[in-house]
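Engineer: Below you'll find the structure I mean.
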Amino acid sequence: MAETVWPQKGPNTREALARVGACAETTITKIAGRFDEPLSPTPFKLGEKLDEYGEPIMDQGVHVLYQNGAEQIDSAWNAAVAHSKLSDPVRLCTVWKPKKCPPGDDRGRIYKATNLRTKKTWQMSESWHSCGGA
């Protein structure tokens, strides 16, 4: 796993994504399921395990980390993320951020990511909770 040293400053850091409409280019350093398990290449768990009703068990979402310290997480499997690779160049843009956050709590941004190798895009939050949340 990539180690992030804080605070990072500059045009391609998470700090550069502080306002809506801001974009930065970075690379993918980690792709996993939301609980850090390997991400399946299909929306079903590796091995196509079945639940008690005989239905395939769905993968438990995605978690993407970037070299600039940003991250994205979602409870749903995402094809564009699953088809990405470590070190792929990505353009991240902030499309939403919460308002009236407590000082020092800037969680809850939503980023749109474009993989510059595959040209596929996805949009996800950076955290489970917005600022002031759990």
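Engineer: Just reorder 127, 75, 40, 87 by solvent-accessible area, largest first, 1.4 Å probe, all chains present.
Structural biologist: Values: 127 25, 75 65, 40 0, 87 85 Å².
The residues order as 87, 75, 127, 40, largest area first.
Engineer: Which distance in nm do the two modelled labels at residue 30 and residue 88 give, with both placed 7 Å along the Cα-to-Cβ direction?
Structural biologist: In this crude spin-label approximation the distance works out to 1.8 nm.
Engineer: Rolling a 1.4 Å sphere over the protein heavy atoms, what is the accessible area per residue of region 54-134, to the nearest Å²? List each step's numbers first, then the result.
Structural biologist: Values: 4120 Å² over 81 residues.
Per residue, region 54-134 has an accessible area of 51 Å².
Engineer: Can you work out the FRET efficiency for the pair residue 112 and residue 75, with r the C-beta to C-beta distance and R0 = 22 Å, to the nearest 0.05?
Structural biologist: Numbers: r = 18 Å, r/R0 = 0.82.
Rounded to the nearest 0.05, the efficiency is 0.75.
Engineer: So which of 97/120; 30/85; 99/120; 30/97; 30/120; 85/112 end up more than 19 Å apart by C-alpha? Let's see the in-between values first.
Structural biologist: Numbers: 97/120 23 Å; 30/85 9 Å; 99/120 29 Å; 30/97 23 Å; 30/120 17 Å; 85/112 17 Å.
From 97/120; 30/85; 99/120; 30/97; 30/120; 85/112, over 19 Å: 97/120; 99/120; 30/97.
Engineer: Right, another one. How do 63, 129 stack up against each other in accessible area, from largest to smallest, with a 1.4 angstrom probe?
Structural biologist: Values: 63 25, 129 85 Å².
Sorted descending by solvent-accessible area, the residues read 129, 63.
The values are calculated or read from the model by the stated rules, or taken from the named source; none is laboratory data. All values derive from a computational prediction rather than experimental measurement. Positions of Cβ are backbone-derived with ideal geometry, glycine not excepted, and every protein chain shown enters the neighbour counts. Just so you know, the surface numbers come from the protein's heavy atoms only, side chains and all, with ligands and any DNA or RNA stripped out. Shrake-Rupley method; radii C 1.70, N 1.55, O 1.52, S 1.80 Å.
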